[in-house]
1. Given the whole protein assembly as supplied and a 1.4 Å probe, what does the accessible area of A:K428 come to in Å², nearest 10?
2. FRET efficiency for A:H51 and A:E308, Cβ-Cβ distance as r, R0 = 45 Å, nearest 0.05?
3. Given a 1.4 Å probe and the protein chains all in place, what does the accessible area of B:C37 round to, in Å² to the nearest 10?
4. If you keep only loop residues by DSSP, which GluC sites (Glu not before Pro) in the range A:549-653 have at most 14 other Cβ atoms within 10 Å of their Cβ?
5. Any aspartates and glutamates with Cα under 17 Å of the A:K233 Cα? List them, leaving off those in the same chain fewer than 8 positions away.
6. Bins of 5 Å, beginning at zero and ending with the bin holding the largest distance: percent of Cα pairs per bin for the range A:6-164, please.
7. At R0 = 51 Å, how high is the FRET efficiency between A:E545 and A:E150 if r is their beta carbon distance? Nearest 0.05 is fine.
8. For the range A:1-67 and the range A:214-248, what is the separation of their Cα centres, given in Å?
Amino acid sequence: MGYEPLNRGFGGTILHVDLSAGDIWQEPLDLAIATDFLGGWGINQRLAYQHLSPGIDPLSVENVLILGAGPLIGTIAPGASKFMCTTKFPLTGTIATASAGARFGHHLKWAGYDHVVITGRAKGPVYLSIFDDEVEICDAKHLWGKSLLETTEKLWDEHGGCGVVSIGQAGENLVRFALALVDNMASLGRGGLGAVMGSKNLKAMVARGTRGVGVSDPKRFMKLIDSLFERRKKWAGREAVATLGLAALSEVILGQMTFTKNWTETYPADEYYKRSVAPILEGKWLKRRPLACGVCFSADKDVVELTEGEYKGLVLRGERASAGSGYGIRFDIQDHGEAAKVLHTLDEYGLCMVTFNSLADFLIYICEKEIITEEEVGLPLRRDFDSMMNLAEKITFREGFGNTLADGWLETINKIGRGSEKYAVIIKGLDPQIDGRMSGINAFEQVVCPRGPSGQFLAAGVYGVASADSADRFRQLANREGAPEEAINRMLDSPLGVNTGRLARYDEDWAILFNCLGLCGRGFINRFYTPAICAEIYSAATGIELSPEELMQAAERSFNLWKALNVREGFSRKDDVFPDIWFGTITDPWGREARAMDFFKTRPVSREEFEALLDDYYDERGWDIEKGIPTRGKLTELGLDDVAQDLSRRGLL
Amino acid sequence: MTLSRALFGKEDVTTMGQLKKKNISIDVERCTGCLICQLICSFTYTGAFNPAKARIVIERDQKEIHFTDECVQNCHLCTRYCVYSAIMRKDETSKVGSIASTEAN
């Protein structure tokens, strides 16, 4: 049967898979919807509103997995690699969208699909295989019970080159912070995507496409592409990323993300440098090779192989070269090999490293404070290799107290009681990745992010706008994010230097735009794009002419739809809660006392000033300030009348 | 399932091409698996971005890079887009991590 690519970036097809009935069918993608929601993430929210019923249990048969790969994915647009996976997340109960690169999304597009909607639950272990128009629900009995890494390797052995999304035993056992890995290198679904797959008996998904992706105006498209490649040649940071990967951001990571001892201390800077950057430069104990997601020209991931010690030969993929060392510092694991082995084990089990680390840290801390004892939880709780390995295993297989821990923060705090909740640093049931004391008011967005504190939205705050050291520079960077002049004026007209409550709206919309197009939001890619470039590339690829303003409005529309999904689940201002610990002090990696500061770090901010940013954020979004949710007027303005009616009917507006 | 599909994931690979090109040097250790070379090749010669139709082949885990029989002998388009210096025109030099100049083209 002849296949004609659409030649519009889009594949033109939504694939539907009902795991309960074993039915598979295709639905044409109505491109009229792209004008409003752009593609990828944006259309995913629309599909979620249609297919996900409110109030369901995320681990029940009623949950839905919606994959989406934006129109630029599959083309040569640099950084066009992040596909999306929307679902209701078990750890938080929020509806959110995970994203990952590697090569799975590309294969979906090369096979001709923009979205895959997966419903129901298979009767036994299965994996989904998508090879062009051959889509099958395959028996996975031979894979169930195997580690995540082994599952992917076996699927590659069987099928040859293809994109693979796998879960490990943690996902199979419905651990609420189990995730999936794509191509054994990219994490997908903090907050329990792995458990959602497990609850559907979906062990893996594989995809290969040989049909290709075309664009509407090849000449115009390649002119824009060539300009991006030219600018990349002149990029001062390219050698640092090539050599160090994510460790090139050590200063930033150190200054914002290296809290330990349950948020009471930070990593000493020299220790971090010694363990994280030096080994790469000196070629000691590890060999590092850069690894790219598909179509990335700023590869920041790596393949690391240990070259000495007990675990010589161990291979880790992802952002491992620096992660292992930080891990070692946090849990006092002196041996590099042992630190790497724990990380590798988390990958095998398919456990979210971030939540596992934070939860383990919390447990050890409250044990040190004698709120719990090792005896009563039946677990060694020391900062050492054996404790970490044991915890990972007990959680993955839900043994003893591991069964409670596997259900996440809220279950654990409830079970322990004794005021332990005041030591748990979480927002909407999920652990944040940055610290308000060190990031100051730039940490604000973590509080309001509808999914809970998200890594995706760190990109702008951590790498981009937050780096501005003057009002002029801020104006320039905020402009590049699509913030209009009068909004920038509003943001700068603040005793805080910059009102980051108002800024958060533009950070979010900018990140969403990337998710819609399929572009990676990380600084190494983000820095090359502007709303104008995005609009041009989008238009050249799809033939849909949108101005930069229309693009940003589509991002805003998509974001409001996402918020509405969570309003339907009962989330509102009451859930946008600051961690108390952010209002205290901490010794930073350079030995200085840190507390939440204003934007240009001229003075500390009070709790009242920090919390007042909530009103400003809701105002900048045009939402109801008291409830912290979109108004009927805002939804109507954005053309989301049906959503407004739905929320009204439910008594939520 | 044919052997070619099992090994390379392609139903009708025209050749088990192990071709090396006289004008392109390969440093497989530098290949990151980004597949940008495959995209510019397939787009230029077939009008769509499609690694399955590229004339340059990247093996699993970037262990090997070679060219198919269909690769046009004097073409070095892929080297112009490789930013990792994994494939380079033989008359170019490169520093670690930087892109080889393509001005001469």
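1. 30
2. FRET efficiency, A:H51 to A:E308: 0.30.
3. Accessible area of B:C37: about 20 Å².
4. Working: sites: A:E549, A:E550, A:E556, A:E569, A:E593, A:E608, A:E609, A:E611, A:E620, A:E626, A:E637; in loops: A:E569, A:E626.
Within the range A:549-653, the qualifying GluC sites (Glu not before Pro) (loop, at most 14 other Cβ atoms within 10 Å) are A:E626.
5. A:D300, B:E92, B:E103
6. Cα pair-distance distribution for the range A:6-164, in percent: 2, 9, 17, 20, 23, 17, 9, 3, 0.
7. 0.60
8. Using only Cα atoms, the two centres lie 30 Å from each other.
The values are calculated or read from the model by the stated rules, or taken from the named source; none is laboratory data. From a predicted model like this one, the values you see are computed outputs, not experimental measurements. Here the Cβ is made from the backbone with ideal geometry for all residues, glycine too, and neighbour counts use every protein chain on show. What goes into the accessible areas is simple: the full protein's heavy atoms, side chains included, and nothing from ligands, DNA or RNA. Shrake-Rupley method; radii C 1.70, N 1.55, O 1.52, S 1.80 Å.
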